[in-house]
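Shown next, in structure tokens, is the structure this report addresses.
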Amino acid sequence: MDHKLNRMNKSTLHWIIMADIIKSSGQDAKNLQQNFKFDVSDINAAFEKNLLSPLTITLGDEFQGVVKDLRTCIDIILSFEEDKLLFNPKYELRFVVQRGEIDTEINPNIAHGMLGEGLSTARKNLENLKKTDDRYFFDTNVKAKSEALNAAFQVYQDIYQSWDKPEEKKLAFLFLENNDYKYVADKTGKTRSQMWKREKTLNISSYFAIKRVIKFLAK
């Protein structure tokens with residue numbers, strides 16, 4: 001990543017991503033922050049080439065970053081969620097993706113000290129999201145696209161959160177790794193008939209379908 005600060009015009013719109021941990025006050029602070037820091041670092045490494053300013057933990061239980069495009073914002077969210085199926089950390093995140101202005105320089109090393117209407121609006125939307133049961137909010141500056149993404153992620157959330165037991169999370173991860181019930185049966189030592197049924201009850205095909213819709217909307 002280039003270590004020089006890049007001067008951006010005030011009129012330039014950027015993709016801003018913010019997230020915070022849900023109900024962080026009820027968890028062990030030290031372990032929570034360690035896990036959160038590790039996960040954010042992992043995502044930064046995976047998406048380094050598409051981050052204008054890396055995901056930066058700001059208040060201990062929140063992060064913000066500036067991202068190259070909408071598709072990368074969505075890929076970051078999906079990566080966080082799908083990785084959690086395997087590692088099962090004891091926290092969930094709320095995400096806001098905002099298309100908006102940043103008036104100050106974009107720091108390619110850390111997402112601190114930046115100002116602009118886009119950041120203020122993203123922060124406000126994150127606060128508003130806390131008043132709902134939704135975990136995702138998109139403001140793309142295009143009303144129809146924003147509404148479609150928010151609706152699609154409501155469906156995504158319903159499917160994802162239905163996998164609430166550790167066994168279901170593990171099976172879901174295996175199906176996402178290889179969408180073949182025979183593969184999952186071999187990995188788990190269960191019968192193919194059992195895994196065929198679990199594929200249906202876990203709504204794996206619906207998960208892949210809504211994920212395709214979401215990625216289409218990211219274009």
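Laboratory data are not the source of any read-out in this text; all were calculated from the coordinates shown. Computed from a predicted model, the values in this text were never measured in an experiment. Neighbour counts run over all protein chains shown; Cβ positions are idealised from the backbone, glycine included.
The C-beta contact set for the stretch 133-159 (first residue small (Gly, Ala, Ser), second residue not in a helix (DSSP H, G or I), distance under 7 angstrom, 6+ apart or interchain) comprises Ser146/Phe138; Ser146/Asp139; Ser146/Thr140.
For every residue, the table says whether it meets (1) without any contact (Cβ under 8 Å) to a residue 12 or more places away in the chain; (2) surrounded by 12 or more Cβ atoms within 10 Å (Cβ to Cβ); (3) not in a helix (DSSP H, G or I).
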residue	(1), (2), (3)
Glu167	yes, no, no
Ala172	no, yes, no
Val184	no, yes, no
Ser206	no, yes, no
Ala209	yes, yes, no
Val213	no, yes, no
Lys219	no, no, yes
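Selection within the stretch 105-123: residues that are outside any helix (DSSP H, G or I), at negative phi and free of Cβ contacts under 8 Å to residues at least 60 places away in the same chain. The member of this set that is surrounded by the most Cβ atoms within 10 Å (Cβ to Cβ) is Ala111.
The set of residues in the stretch 78-99 that are of a type in the set (A, V, I, L, M) and more than 13 Å from Val40 (Cβ to Cβ) comprises Leu78, Leu85, Leu86, Val96, Val97.
Among the residues that make up the stretch 170-187, is at least one of them in contact with a Lys or Arg (Cβ under 8 Å, 6 or more places away or on another chain) and within 30 Å of Phe138 (Cα to Cα)? Yes, the conditions are met somewhere in the stretch 170-187.
When the stretch 41-70 is filtered for residues that are crowded, with 16+ Cβ neighbours inside 10 Å and either among the basic types (Lys, Arg) or touching a Cys at 6+ places or on another chain (Cβ under 7 Å) (or both), only Val67 remains.
Of all residues in the stretch 29-39, at least one satisfies being crowded, with 18+ Cβ neighbours inside 10 Å and within 14 Å of the chain's Cα centre (by Cα).
Residues of the stretch 136-149 include at least one that is surrounded by 17 or more Cβ atoms within 10 Å (Cβ to Cβ) and in a loop (DSSP other than H, G, I, E, B). Does at least one position in the stretch 35-45 carry a residue that is outside any helix (DSSP H, G or I) and out of contact with any His (no Cβ under 6 Å at 6 or more places or on another chain)? No, every residue in the stretch 35-45 fails to be outside any helix (DSSP H, G or I) and out of contact with any His (no Cβ under 6 Å at 6 or more places or on another chain).
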